[in-house]
1. Calculated FRET efficiency, residue 343 and residue 441, Cβ-Cβ r, R0 35 Å, to nearest 0.05?
2. Would you be so kind as to identify which of 159, 258, 244 lies farthest towards the positive end of the dipole of the range 114-261, taking Lys and Arg as +1 and Asp and Glu as -1 on Cβ and the Cα centre as origin?
3. What residues qualify as long-range amide H neighbours of residue 168, i.e. H under 5 Å apart, gap of 5 or more or another chain, H built at 1.01 Å from N?
4. Collect residues whose amide H, placed 1.01 Å from N in the peptide plane, falls under 5 Å from the amide H of residue 476; neighbours closer than 5 in sequence don't count.
5. Using the Cα centre of the range 29-172 as the reference point, and only Cβ charges (+1 on K/R, -1 on D/E), how large is the resulting charge dipole? Debye, rounded to the nearest 20.
6. Sorting check: for 234-242, 486-494, 79-87, which peptide has the highest mean count of neighbouring beta carbons within 10 Å, and how do the rest follow?
7. With each label point set 7 Å from Cα along the Cα-Cβ vector, what nm distance links residue 133 and residue 24?
8. For residue 586, list the lysines whose Cα falls under 30 Å from its own Cα; do not include residues on the same chain fewer than 8 positions away.
Amino acid sequence: MTTTDDTPADPALSSLRRARDRFFSGRPPGDGIPEDLAEAWRRARFFGVPRDLAAPPRVRPPVDSPLLAAARPVLDRVAPTLSGAMGLVLVDSRCRALWSGGGRYAGTPGGMAGLDLSEKAVGHNSAALALRTGRRAEVHGPEHFLDLWQEVSAVSVPLYEPTAGRPAGTVTVVAPLGEGRTAHPGAALAEATAHAVETELLGRARPPERVLLDAYLRQRAEGAAVVALDGSSRLVSPEAARLLSHETLARLERHATALLRDAATGPEEHAPEEIPVPDGEIPVPDGEIAVPDGAGLTVRMTRLVHGGEVIGAVATVCTAARRARSAERRGHDRLPGLVGTSRPWRLAVSRATELARAVEPLLLIGEPGVGKTALARALLGLRSTAAPRVVDAAEQVPGEVPRWCQALAELPESEGYGGAPPLLLRHTERLGQADVAALLSLLAERPAVPLVATHTPGAPTGPCLSRLLDILAARSVTLPPLRERVEDIPALLAGLARRPSPGRPPLTWSLDARRALEQHTWPGNVAELAHVVREVAERRRATGPVRREELPYGLRVPPATRRLSGIERAERTAILEALRRHGDNKARAAESLGIGRATLYRKLRAYGMDQA
C-alpha cells in the first residue's frame with residue numbers, strides 16, 4: 001500500500017506478499033490490493049523491469065546541480081544524526097539519486113548516489129511516486145516491484161524550487177522494513193529536511209525571483225487562478241492550467257516580455273496593465289478582458305516593480321460563475337475553520353457537503369481545533385432553516401440527548417421529521433451511557449435522523465460507544481489537521497483577525513513571520529492559530545506587518561537542529577510553555593520551572609532557542 005499520511009499499513013504485509021506472488025505468477029493480485037499499487041506493478045512489467053534485478057542501473061549525475069548545491073549543507077548536517085541503519089537520499093526531478101548518506105539499504109555497494117530510480121528502471125518506489133503526485137509517499141517492502149527491496153521501507157517528500165510549479169526532486173529516507181509499523185520512522189526527518197532544503201533554495205534565489213514568487217503565492221492563498229511570468233519562465237497554478245489554453249498562456253508570456261522591454265517604471269508596485277485585445281473581442285468592465293478559452297472567462301494583468309524596474313507580471317483568471325458565487329462564498333469564508341483552498345481541506349469540505357444534502361446522520365472526525373463545529377454549523381445551515389439544538393457531551397448536560405431522541409421517535413412516520421430541529425452533538429467521545437443507549441435505540445428504529453456529530457479520536461471507547469461510532473462511520477468525514485494544509489495559513493490569518501478599530505490598518509504578516517507559522521506543528525490546529533492571532537493583536541504596539549520577533553516564543557523558535565531524546569523533547573516543550581505563559585520573561589519562566597536563570601540560558605543554547 002502506498003500512503004501519504006500516518007495511518008497504519010493496510011493490508012498487512014503478509015497479504016501484500018501473497019498478492020505480489022500471485023501477480024508474478026500471472027494471476028490477479030486480489031481485491032484487497034489498492035488499484036493504484038496494482039497499476040504500478042503492471043506499469044513496471046510493461047516497461048520490462050526485471051523483478052530479480054541485481055542492482056539498479058547507474059546514470060551519470062549532472063556535473064553542476066543547483067539542487068545538490070543548495071541541499072548539500074543541509075544533508076551534511078542531517079546525515080550524522082541518522083539513527084541505526086537509516087539512510088538519506090537526495091533525488092532530482094529525473095529520478096536520479098544525487099547524494100546518499102547513512103545506512104545502506106539500497107541493495108548495492110557504494111550507496112545510492114548515481115542510481116536511476118525512475119519507474120522505467122526499477123519499478124514502483126517512493127521517490128518516483130512522490131515526484132508524480134507532488135505529495136509525500138511511503139512504499140513498504142512488498143509494495144516494491146524489485147525483489148531487491150522487499151525488506152526496505154522508504155518515505156519520500158517532494159522538493160519544490162521557489163520559482164517552479166512542480167517538484168524539483170525529493171528527500172528520501174530508507175530504513176529496514178518493520179512488521180506492524182504504523183508509519184515510516186523517518187517521515188518526520190524527511191519532512192524537516194525537505195523544508196530546510198527548500199529554505200536554502202529560496203535563499204539562493206535572485207531577489208526578483210523571490211518578489212515574483214511571493215506575489216504568486218499571495219494570489220494562490222486568496223484562491224485565485226494565477227499565472228506569474230518574468231519573460232523567461234512562468235508559474236501556473238493548477239486552477240489556471242485547467243482554464244487557460246497553451247495559446248493564451250503563450251500570449252500572456254509575450255505580453256510579460258513586452259512589459260519588461262518597454263514599460264515605463266513608476267512608483268506604484270502593482271500598477272495594472274491591460275492585455276491587448278484581439279480583433280473581435282470586447283473588454284469587460286473593471287479593467288478585465290475576455291479571452292477565447294471559455295464564456296465569461298477574463299484575465300487581468302498586473303505588473304511587478306522591484307528596485308525601480310519591471311521584473312514581471314501576475315495574471316489572475318476569473319470565471320463568471322466564480323464572480324457570481326463570490327458574495328455567497330465570502331460569508332462562509334469568514335467563519336473560522338471554513339477558510340482554505342488547499343486540496344486536503346477542499347476534499348473534506350466537498351465530501352461533507354455532499355453527505356449533508358441528505359437528512360441522515362453525519363460524523364465529522366478530527367483532532368482538537370480543526371474546525372469540526374464550525375463546519376457542522378455551516379452544513380446544518382445549508383440543509384435546514386431550523387436552528388439546531390447544540391449539545392456538548394463534554395459539558396455533561398444530563399437528559400438532552402435522550403429528550404431529543406424521544407421527541408423524534410414520537411413523530412408519526414407519515415410526517416417524517418418535518419420542522420424538527422437537527423441536533424449538533426459535540427464531543428461524542430465524552431457521551432454518557434444513557435446518551436449512547438438513546439442514540440442506538442433511535443438509530444435502530446429510524447436510521448435516517450437529522451444529526452451531525454463531532455468526534456475527536458484518542459480517548460478509549462467502550463463497546464457501546466464503539467458500536468455507535470461504527471454505525472455513524474458509514475457517513476463520516478475526517479478533517480485534515482492544520483499541519484497538513486499549511487498553505488491555508490495566509491488565508492486563515494486574514495479570516496481570524498478581528499476587524500481593526502477605526503483609523504487603524506488591518507493586521508498583516510511579514511513573509512518571515514508566515515514562514516515561522518508554517519513551520520510550527522500546530523497541535524491545537526486552527527483553534528491554536530486563532531489564539532496566536534488574538535494574542536499578537538492584543539500585545540503589539542508597532543505598525544506595519546507582524547514580524548517573526550513579535551510571535552510567541554514557541555513559534556519564532558526554529559526546529560531543533562539535532563535529534564532530541566524523549567526527555568529532551570519534553571524538557572524543550574516545558575521551557576517553551578513556561579516562556580509563553582510568562583510573556584517571554586526568562587526570569588519568571590526560570591522561576592516557574594524551578595531552575596536558575598543561567599541554567600535556562602544554557603538550555604536555550606543547547607536546544608537552539610537562543611536566537612529567537
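1. Numbers: r = 40 Å, r/R0 = 1.14.
Using R0 = 35 Å, I get an efficiency of 0.30.
2. 258
3. Here the answer is 159, 160, 161, since their amide H atoms fall under 5 Å of that of residue 168.
4. 363
5. Values: 16 positive and 15 negative charges, 85 e Å.
Result for the range 29-172 is approximately 400 debye, rounded to the nearest 20.
6. Numbers: 234-242: 18.4, 486-494: 20.7, 79-87: 14.9.
Descending packing order for the listed peptides: 486-494, 234-242, 79-87.
7. Label-label distance for residue 133 and residue 24, simple model: 2.4 nm.
8. Hits, sequence-local ones excluded: 603.
The values are calculated or read from the model by the stated rules, or taken from the named source; none is laboratory data. On a predicted model such as this, the values are computed, not experimentally measured, just so you know. Here Cβ is always computed from backbone atoms with ideal geometry, including for glycine, and neighbour counts include all displayed protein chains. Heads up: the accessible areas ignore ligands, DNA and RNA and are worked out on the full protein's heavy atoms, side chains in. Shrake-Rupley method; radii C 1.70, N 1.55, O 1.52, S 1.80 Å.
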